[in-house]
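**Student:** Would you mind keeping the following structure in view while I ask a few things?
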Amino acid sequence: MKSGLELSPAALASTLRKWNERLRQKSTEPAKMAARLHAAYRRLCGLGGLEEGTRVFLLDLLSELVLLMQPESFRLNPAQEKFVEYPRVRFSYDLFRLKQAGAFTVGNAQMKLHVANFDATTEKAKALWVPDSEEGDGTHYSYLSFVKGS
């Protein structure tokens, strides 16, 4: 949200509607999101010397995901104006859409989100809140893994 926002009900409602619409427009298609998550997960496991199937912090995965989403022009010349941002709120919303679509399978790997313990929910660096519905219900997750199917 921006500062200097008029605190009238009509202005707040209008701002929230516009913000919600922008979030929906910028949302990644669920199957594409699952494939990106899997690629970022595999890269993170490889860099950390972890076996696939290991749980990784969602926010570590977000950093890898952001790097993988950058255009070729950013890789050639990593300048600020070429950087494509991907904030936590969009990541959270994209995970919500992925859950809604049930798009948990990539190839023969099944994605699993792991619920955060209570202590983790109090620190932004340890958990990510993901909506369960459009009404505002949600769950805090800390980890994600991909497990090979049988």
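The values are calculated or read from the model by the stated rules, or taken from the named source; none is laboratory data. As the structure is a computational prediction, the values presented were derived from the model and not from experiment. Glycine gets a Cβ as well: all are built from the backbone with ideal geometry, and neighbour counts include every protein chain shown. The protein model used for the area step is the full one, side chains on, heavy atoms only, and it has no ligands, DNA or RNA in it. Shrake-Rupley method; radii C 1.70, N 1.55, O 1.52, S 1.80 Å.
**Student:** Given the protein chains as shown and a 1.4 Å probe, how many square angstrom of residue 130 are accessible, to the nearest 10?
**Tutor:** Taking all protein chains as shown, residue 130 has close to 0 Å².
**Student:** If I compute mean projected area of the Cα convex hull in nm² from the structure I just sent, which labelled value in (1) 11.2; (2) 39.1; (3) 9.4 lines up?
**Tutor:** (1)
**Student:** Sort 28, 105 from largest to smallest accessible area, using a 1.4 Å probe on the heavy atoms of the protein chains.
**Tutor:** 105, 28
**Student:** Divide by every residue of the chain the summed helix terms, -39500 (n - 2.57) for each DSSP H run of at least 4, and state the resulting mean residue ellipticity at 222 nm, rounded to the nearest 500 deg cm²/dmol.
**Tutor:** Only helices count here, giving -14500 deg cm²/dmol.
**Student:** While we're looking at this one, here's another question. Nearest 10 degrees is fine. How inclined is helix 30-48 to the longest principal axis of the chain, computing both from alpha carbons?
**Tutor:** 50
**Student:** Return a whole-number percent for the relative contact order of the chain, with Cα pairs under 8 Å and 6 or more residues apart as the contact set.
**Tutor:** Relative contact order of the chain: 27 percent.
**Student:** How charged is the neighbourhood of residue 147? Take every other residue with its Cβ under 9 Å from the Cβ of residue 147, and add Lys/Arg as +1 and Asp/Glu as -1.
**Tutor:** +1
**Student:** Determine the shape class of the stretch 22-91: with a ≥ b ≥ c the square roots of the Cα gyration tensor eigenvalues, call it rounded for a/c under 1.5, and otherwise prolate if a/b is greater than b/c, oblate otherwise.
**Tutor:** Taking the square roots of the gyration eigenvalues as a ≥ b ≥ c, the stretch 22-91 is oblate.
**Student:** Using DSSP to call loops (not H, G, I, E or B), can you name the chymotrypsin sites (Phe, Trp or Tyr not before Pro) in the stretch 25-126 whose Cβ has at most 10 other Cβ atoms within 10 angstrom?
**Tutor:** 118
**Student:** Continuing with the same structure: Using a 10 Å Cβ count of at most 13 others and DSSP loop calls, identify the longest part of the chain lacking such GluC sites (Glu not before Pro).
**Tutor:** Between exposed loop sites, the widest span is 7-50.
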